[in-house]
Amino acid sequence: MNANPFEHNIETTEIEGPIQGVDYDFALTRRTFVSVLGAGLAILTGPLAAIAQQRRGGRGGGGETRNLAARLHIGKDGVITVFTGKVEVGQGARAELSQAAAEELRVSAIQVQLVMADTALVPDDGITAGSRSTPSNVPVIRKAAAAARELLAQVASAKWNVDRSAVEVRDGKVFHAESKRSMTYAELAASEEATKGLEGAMPPGVTVTAVKEWKVLGSGVSRPNGREIVTGVHRYPSDIERTEMLRGKVLRPPTYGAKLVSVDLAPAKEMKGVIAIHDGNFAGVVASTTSQAEEALATIAKTAKWETSPHVSSKDLFNHLRDRASGGVPTNPFSEELANAAKKLRATYHVPYIQHAPMETRAAAAEWKDGKLTVWTGTQNPFGVRGELERAFRLSGGDVRVVTPDTGGGFGGKHSGECAVEAARLAQAAGKPVSLKWTREEEFTWAYFRPAAVIEAEATLDAKGALTSWHFVSINPGRSGVESPYRIAKSRSRDVGSDQVLRQGSYRALASTANNFARESFMDELAAAVGADPLEFRLAHLERGRLRTVLEEAANKFNWRERVKKKERDVGIGLACGTEKGSYVAACAEVAIDRAQNKFTVRRVCQAYECGTILNPANLRNQNEGAIIMGLGAVLREEMKFENGKITNAAFSEYRVPRFSDVPELDIHLLNPPDVASVGAGETPIIAVAPAVANAIFHATGERLRELPLRLPEKKSA
């Protein structure tokens, strides 16, 4: 057992898993929160602690809540408040979840106030990841809102002594046309009948509105707090201010794997107003200003002694991953097919570590009061971070509150709570609130990365060009997207772990960014091996269904069949498709080759995407565009470089994400099947762009590029 609980937590937070409302006042106390909501549908009667306990569902993302009090409050002023444990990191959840409630309550989305990601006030809807908010939380909120609507209609009809079928709900009122009577939600909120009903259990058999009757869902709704965002009123996690707040800095190791042996805090403690702390492998300083904290940190850094250890460099990464594959690299089980095949092909693909690079780095503000801890932080996992804080400081759930304001980006990179733990430890030492903001260099170095990958593919074809066997081994990135969607007589796809050279974790679309790049590149190579058109080769191996539909849609909109026949000098076209998280994507790309500079430019991406019935078409288009551009980063330049345990490109000047000049013409086509359940769209739109561009480069140059980022071969000297 480690005698130092904080040091133990610092170690555990290094392990990655898989590892507010509008004008919301983050400083609300428990007492004032009740008074703000006030009287109404008596969802918030009783102590807030008990109410909060009602709201907390099990982990795992939006399971059924036990009662309407978990989701809804309608005040005597008619304000509708909806509660969710999900967070807004730019993916559009605030608008979509507001729409879900508004649709069923028969009001506009602007009339719904959403309280998000405050562990003292909202249900535990699980981590905001895996594109789960749409399929998990939208239905839960819709059912709660529909149940509330029906209850209000029943209360009104009972007061008027008319049949329920004789009343109509619209625009936040219940109407009885025959008598020309109406009651507002606010008026009904004061009734004892409504209060009792909404304190009760969620009724069974709640019916939500049919797609064909949607008025709010299915339409483009802007971000509800968009004005606050663009005018600078909104406070991101890095903007949070508290009374007497101090600024913190943490001493970082000089290299990966280094352990702190000793550090002399005396030079920092001699500085006026500086507090310094050393706790196990953790050391940091607190001061009244960031510049003073940086100066104090520099003084103790000079005294620190570290025990270092060897570390693999990026130039040796792929050999290392393959050599350290867990249990070795599986052999191809289809040896008889290899011996008898008309054609066989084998290829290896490499994908480097890359960073999530959110605009807002990790940030947290921590405050202790009466033995209880509140932390405002940017995370996709507020209840998970609360658990980390509980473990770090040996606190119970009622003593820790995590509040997550709308945050400046996540992309799967903010699942863990190390910054929150660090800020809390510094605040504990200082006895005052402390703000801790990671620098960009810290974010690039100490945040976890998208896993690097070595992927080996081997396949055989018969004399007619049909795939007879498929062997696909993905080393290190994970299982997401590893299975082939194509029809193959004998197929085996495996994901294999390896030594994690850098701390790695979730990323937008997880491992499917790597696995889809390898598979769709390899499918193109197989098509070329048998002289087949890449589109027709895929279609020959795809059953009728949603993936085939998006592939045909993208190809038709791109005019693939005509364009592929016309060979244009130094211009290439390529395509790719894939499925992940229950949605389907296909992309066609056009590239231009600059032979003088030995570079390529992506000129156009035409993408077709289908994720079931569309809830918010404007946001869905934004998600596709953002995913394509993010995917281009991995295509063009993004890769982590490291040597002797140090990141050598830990700045945007060295790690170049896409610029405006890199953005191609984007031609997005959204398929909208009304009879298919909606799923999330934050991830899958990213997975087709890299292989489509790689295949386009082959079409233009005849060169196969099997490693990201894509680089044209160096020109041979005369």
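Structural remarks
- Candidate set from the stretch 392-403 (those that are part of a helix (DSSP H, G or I) and in contact with a Leu (Cβ under 9 Å, 6 or more places away or on another chain)); member that is surrounded by the most Cβ atoms within 10 Å (Cβ to Cβ): Phe393
- Count - residues of the stretch 652-672 that are assigned to a loop (DSSP other than H, G, I, E, B) and either aliphatic (A, V, I, L, M) or not assigned by TED's automatic domain parsing to the domain that holds Asn622 (or both): 2
- Among residues of the stretch 215-245, those that are more than 29 Å from Ser291 (Cβ to Cβ), among the small types (Gly, Ala, Ser) and surrounded by fewer than 16 Cβ atoms within 10 Å (Cβ to Cβ), counted: 4
- Subset of the stretch 361-391 [surrounded by 21 or more Cβ atoms within 10 Å (Cβ to Cβ) and part of a loop (DSSP other than H, G, I, E, B)]: Thr361, Arg362, Gly378, Thr379, Gln380, Asn381
- For the stretch 226-235, the criterion of being touching a Leu at 6+ places or on another chain (Cβ under 9 Å) and assigned to a loop (DSSP other than H, G, I, E, B) is satisfied by no residue at all.
- Looking only at residues of the stretch 184-197 that are buried (at least 19 other Cβ atoms within 10 Å of the Cβ) and in contact with a helix residue (DSSP H, G or I) (Cβ under 7 Å, 6 or more places away or on another chain), we find that the one that is farthest from Gly78 (Cα to Cα) is Gly197.
- Flag for Thr12 being closer than 30 Å to Glu683 by Cβ, surrounded by fewer than 24 Cβ atoms within 10 Å (Cβ to Cβ) and either modelled with pLDDT under 95 or of a type in the set (D, E, K, R) (or both): yes
- Taken together, Arg656, Arg711, Arg637, Arg706 contain a single residue that is modelled with pLDDT of 95 or more and either touching a strand residue (DSSP E or B) at 6+ places or on another chain (Cβ under 7 Å) or within 15 Å of Ala589 (Cα to Cα) (or both), which is Arg706.
- Evaluated against (1) farther than 30 Å from Val312 by Cβ; (2) not assigned by TED's automatic domain parsing to the domain that holds Glu104, Gly220 falls short on exactly one condition, (2).
- Residue in the stretch 224-244 that is out of contact with any helix residue (DSSP H, G or I) (no Cβ under 6 Å at 6 or more places or on another chain) and over 30 Å from Gln113 (Cβ atoms) present: yes
- Checking Lys143, Lys180 one by one, the residue that is surrounded by 17 or more Cβ atoms within 10 Å (Cβ to Cβ) and not polar (S, T, N, Q) is Lys143 and no other.
The rows are residues; the columns are (1) modelled with pLDDT under 95; (2) of a type in the set (D, E, K, R); (3) more than 25 Å from Thr377 (Cβ to Cβ).
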{"site": "Gln91", "(1), (2), (3)": "no, no, no"}
{"site": "Ala100", "(1), (2), (3)": "no, no, yes"}
{"site": "Arg106", "(1), (2), (3)": "no, yes, yes"}
{"site": "Met116", "(1), (2), (3)": "no, no, no"}
{"site": "Ile127", "(1), (2), (3)": "no, no, no"}
{"site": "Pro135", "(1), (2), (3)": "no, no, yes"}
{"site": "Pro139", "(1), (2), (3)": "no, no, yes"}
{"site": "Ala145", "(1), (2), (3)": "no, no, yes"}
{"site": "Val162", "(1), (2), (3)": "no, no, yes"}
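- Selection within the stretch 631-649 - over 30 Å from Ala258 (Cβ atoms) and surrounded by 23 or more Cβ atoms within 10 Å (Cβ to Cβ): Gly631, Leu632, Val635
- The set of residues in the stretch 543-572 that are over 17 Å from Ala532 (Cβ atoms) and among the aliphatic types (A, V, I, L, M) comprises Leu547, Val550, Ala554, Val571.
- When the residues of the stretch 553-589 are filtered to those that are more than 33 Å from the chain's Cα centre (by Cα) and of a type in the set (A, V, I, L, M), the one that is surrounded by the most Cβ atoms within 10 Å (Cβ to Cβ) is Val564.
- Residue match in the stretch 536-544 (condition: within 24 Å of Asn624 (Cα to Cα) and under 28 Å from the mean Cα position of the chain (by Cα)): no
- Within the stretch 673-698, restricting attention to residues that are part of a loop (DSSP other than H, G, I, E, B) and of a type in the set (A, V, I, L, M, F, W, C), the residue that is nearest to the chain's Cα centre (by Cα) is Ala681.
The values are calculated or read from the model by the stated rules, or taken from the named source; none is laboratory data. Not measured: the values here are computed from a predicted model. As a convention, Cβ positions derive from the backbone with ideal geometry for all residues, glycine included, and neighbour counts pool all protein chains shown.
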